[in-house]
Amino acid sequence: MNALYEEFKGRGFVLLLVNMGEDPEIVRRAVKARRYTAPVVVDRDREVSDAYVVTASPTVFIVDRRLQIIGRAVGRREWSGEAGRRLIIALLRP
């Protein structure tokens, strides 16, 4: 995800990593250890996670330019592979 974020962030791509319910200090250490470059927020009380019915990690929501959720993926995916990159490029087109 870091590579995709770095490659596409200047083209309108937004990646927001949301942690569900962990202590912010633990999250801070994990972000540093994993060298995440995208913004990370902590949903400590799980309000956002509950509102969007997130039951597993990772859960990815794909949101278009109109801010409509157009896709959801639960579980690990190879987002930096050819299919993931094509999807991001298509969504970034005006």
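Every number in this text was worked out from the coordinates using simple rules, so none of it is lab data. Everything quoted here is computed from the prediction, not taken from an experiment. For neighbour counting, all protein chains shown are included, and Cβ atoms are generated from backbone atoms with ideal geometry for every residue, glycine included.
Fewest first, what order do Arg44, Arg86 take by the number of other Cβ atoms within 10 Å?
Least to most surrounded, the residues fall as Arg86, Arg44.
Tell me, in nm to one decimal, what length is gained between Thr55 and Glu6 on full extension, where the rule is 0.36 nm per residue of separation less the Cα-Cα distance?
14.9 nm
Relative to the longest principal Cα axis of the chain, at what angle does helix 24-34 sit, 0 to 90 degrees, rounded to 10?
Between the helix axis and the principal axis of the chain, the angle is about 50 degrees.
Any idea how far apart Arg93 and Ala73 come out in nm if each label point goes 7 Å out from Cα toward Cβ?
Going from the Arg93 label point to the Ala73 one covers 1.9 nm.
At 7 Å along the Cα-to-beta-carbon direction for both Ile62 and Ile26, put a label point, then send me their distance in nm to one decimal.
3.2
For all pairs of alpha-carbon atoms in the range 2-92, what percent lies in each bin of width 10 Å, listed from the first bin to the last filled one?
Histogramming the range 2-92 at 10 Å steps yields 14, 46, 35, 5 percent.
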